[in-house]
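Novice: Pasting in a structure now, in structure tokens, and then I'll have a few things to ask.
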Amino acid sequence: MDTSKLPRARVAARRDLTDDLFVLWLDPPFQHDFQPGQYCTVAMEGIARPYSIVSAPHEELIELFIERIPEPDGKLTPLLHGLQVGDELAMAPKIKGHFTLDPSKPNQVLIATVTGIAPFVSYLRDYIARGLSGQRFLAMLGASYQQDLAYGDELQALAAEHDFIDFVPTVSRPDEQPNAGWQGETGRVNKQVGKYLDEYGFSPEKTILYACGNPQMIADVRENFEPLGYDFREEKYW
Ligand SMILES: NC(=O)c1ccc[n+]([C@@H]2O[C@H](COP(=O)([O-])OP(=O)(O)OC[C@H]3O[C@@H](n4cnc5c(N)ncnc54)[C@H](OP(=O)(O)O)[C@@H]3O)[C@@H](O)[C@H]2O)c1
């Protein structure tokens, strides 16, 4: 992709959650119109990558939640990590993607690891902002360590405020020191899904499962629940 002619977005704000996880708010150089769950493509030094948008369409800034992947695997994220407020980067004007909310079934189970939570935050912010109803959401977020459960506070607050939203965070390395004091669920998020589907009585005919993040987590959810008749959607981050 020739990125030199793309419009430039300005970094309006930045927040660092850990040494490697950070959030950028971008002031887009175009009128944006997208559906929650879609992604935008940003580029620096000729390297372009897609990022799911965390913000909802009604928000002015485009919010991206990014994990710095060290070289040699990571090419763009170390550059993005170096950005400060006021800096610019290229942004493709077309926002794309099919990982959008399907309201055709009442129960929506949103399963994520770490940065995979991005599209689901957008779904929920949008759903609430538009005053929609009729859906029940269960957001499930897994990470090795509690510090990586980004957006956990926001999801907890949404769950406390709206009885149609529940939130289950889980840490997969409960015995390691960074998880000292953790009182929530433990184990990989994919291993919690069956228990919660049973607990909530979410049957295959009334439920859509969405999985986003670690590709093996996604594969495991698909392999376990598609054969039972669950409608399954995925977005891999790798
Ligand atoms: N290229 C990319 O876009 C990209 C994006 C994100 C991460 N990464 C790379 O992935 C590495 C770790 O990233 P991370 O800590 O953010 O995420 P991660 O390794 O994907 O871990 C997040 C969660 O997924 C679990 N998990 C790991 N392997 C799994 C499997 N086979 N099946 C089911 N669940 C699994 C982890 O459990 P455990 O605690 O048991 O491992 C943890 O709970 C880094 O080296 C990073 O470079 C690459």
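Nothing in this text is a laboratory measurement; each read-out follows from the coordinates by a stated rule. Worth saying up front: this structure is predicted, and the values here are computed from it rather than measured. So basically every Cβ, Gly included, is an ideal-geometry build from the backbone, and we count neighbours across all protein chains shown.
Novice: Nearest 20 debye, what's the magnitude of the dipole of the chain about its Cα centre given +1 on Lys and Arg Cβ and -1 on Asp and Glu Cβ? Walk me through the numbers before you get to the answer.
Specialist: Numbers: 22 positive and 35 negative charges, 103 e Å.
About 500 debye.
Novice: Can you list the residues, at least 5 places off or on another chain, whose amide H is less than 5 Å from the amide H of Gln38, using H built in the peptide plane?
Specialist: When sequence neighbours closer than 5 places are left aside, the close amide H contacts are Ile53.
Novice: Classify the chain: rounded, prolate or oblate, from the alpha-carbon gyration tensor (a ≥ b ≥ c, eigenvalue square roots; a/c under 1.5 rounded; otherwise prolate if a/b is larger than b/c)?
Specialist: Prolate, since a/c reaches 1.5 and a/b exceeds b/c.
Novice: Same structure, new question: Once you have the Cα-Cα distance between Ala160 and Glu226, take 0.36 nm times their residue separation minus that, and quote the gain in nm to one decimal.
Specialist: Here the segment from Ala160 to Glu226 would lengthen by 20.7 nm.
Novice: Using Cα atoms only, what is the angle between the long axis of helix 215-225 and the major principal axis of the chain, expressed in degrees (0 to 90) to the nearest 10?
Specialist: Compared with the principal axis, the helix lies near 30 degrees.
Novice: Roughly speaking, what is the stretch gain from Asp33 to Gln135, that is 0.36 nm per residue apart minus the C-alpha to C-alpha distance, in nm to one decimal? Let's see the in-between values first.
Specialist: Numbers: separation 102, 0.36 × 102 = 36.72 nm, distance 2.34 nm.
The Asp33-Gln135 span can extend by a further 34.4 nm.
Novice: Still on this model: Which of the GluC sites (Glu not before Pro) across the stretch 1-77 are loop residues per DSSP, with 11 or fewer other Cβ within 10 Å? All intermediate terms of the calculation are to be shown ahead of the outcome.
Specialist: Details: sites: Glu45, Glu59, Glu60, Glu63, Glu67; in loops: Glu45, Glu59, Glu60.
Counting only loop positions with at most 11 other Cβ atoms within 10 Å, the GluC sites (Glu not before Pro) in the stretch 1-77 are Glu45, Glu60.
Novice: Taking only Cα atoms, what is the 0 to 90° angle, nearest 10, from helix 152-161's long axis to the longest principal axis of the chain?
Specialist: 50 degrees
Novice: With only Lys, Arg, Asp and Glu charged, each at its Cβ (+1 for the first two, -1 for the last two), find how big the charge dipole of the stretch 8-91 is about the Cα centre; round to the nearest 20 debye. Walk me through the intermediate numbers first.
Specialist: Details: 7 positive and 14 negative charges, 26 e Å.
For this selection, approximately 120 debye.
Novice: I need the shape label for the stretch 176-218. Rule: rounded when a/c is under 1.5, else prolate if a/b > b/c, else oblate, with a, b, c from the alpha carbon gyration tensor. Intermediate values should be presented prior to the final figure.
Specialist: Values: a/c = 3.71, a/b = 1.67, b/c = 2.22.
Cα axes put the stretch 176-218 in the oblate bin.
Novice: Turning to a different aspect of this structure: List the residues, sorted by chain then number, that are 5 or more residues from Ala139 or on another chain and whose placed amide H is less than 5 Å from its amide H.
Specialist: Those lying under 5 Å, H to H, from Ala139 are Leu110, Asp166, Phe167, Val168.
Novice: Gain in length, Tyr200 to Leu79, computed as 0.36 nm per residue apart minus the alpha-carbon separation, to one decimal in nm? Present the calculation step by step, with values, prior to reporting the outcome.
Specialist: Working: separation 121, 0.36 × 121 = 43.56 nm, distance 4.29 nm.
Using 0.36 nm per residue and subtracting the Cα-Cα distance, I get 39.3 nm.
Novice: May I have the count of lysine pairs in the chain with C-alpha atoms under 28 Å apart, counting pairs 8 or more residues apart or located on different chains?
Specialist: 19
Novice: May I ask you to sort Glu234, Glu199 by Cβ crowding, counting other Cβ atoms within 10 Å and putting the fewest first?
Specialist: Details: Glu234 18, Glu199 11.
Sorted ascending by nearby Cβ count, the order is Glu199, Glu234.
Novice: Another question about this same structure. What list do you get for Val54, Val85 if you sort them by fewest beta carbons within 10 Å?
Specialist: So the ranking, lowest neighbour count to highest, is Val85, Val54.
Novice: Between Val114, Tyr39, Leu79, whose Cα lies farthest towards the positive end of the dipole of the chain when Lys and Arg beta carbons carry +1 and Asp and Glu beta carbons carry -1, centred on the Cα centre?
Specialist: Result: Tyr39, furthest along the dipole toward the positive end.
Novice: Something else: Set the Förster distance to 25 Å, then compute FRET efficiency between Lys96 and Glu71 from the Cβ-Cβ distance, nearest 0.05.
Specialist: Details: r = 27 Å, r/R0 = 1.09.
Once the sixth-power term is evaluated, E becomes 0.40.
Novice: For the pair Glu45 and Asp16, what calculated FRET efficiency results from E = 1/(1 + (r/R0)^6), where r is the Cβ-Cβ distance and R0 = 25 Å, to the nearest 0.05?
Specialist: On the way: r = 22 Å, r/R0 = 0.87.
Calculated transfer efficiency: 0.70.
Novice: Under a point spin-label approximation (7 Å from Cα along Cα-to-Cβ), what is the Asp2-Thr186 distance to one decimal in nm?
Specialist: So the two model labels end up 5.7 nm from each other.
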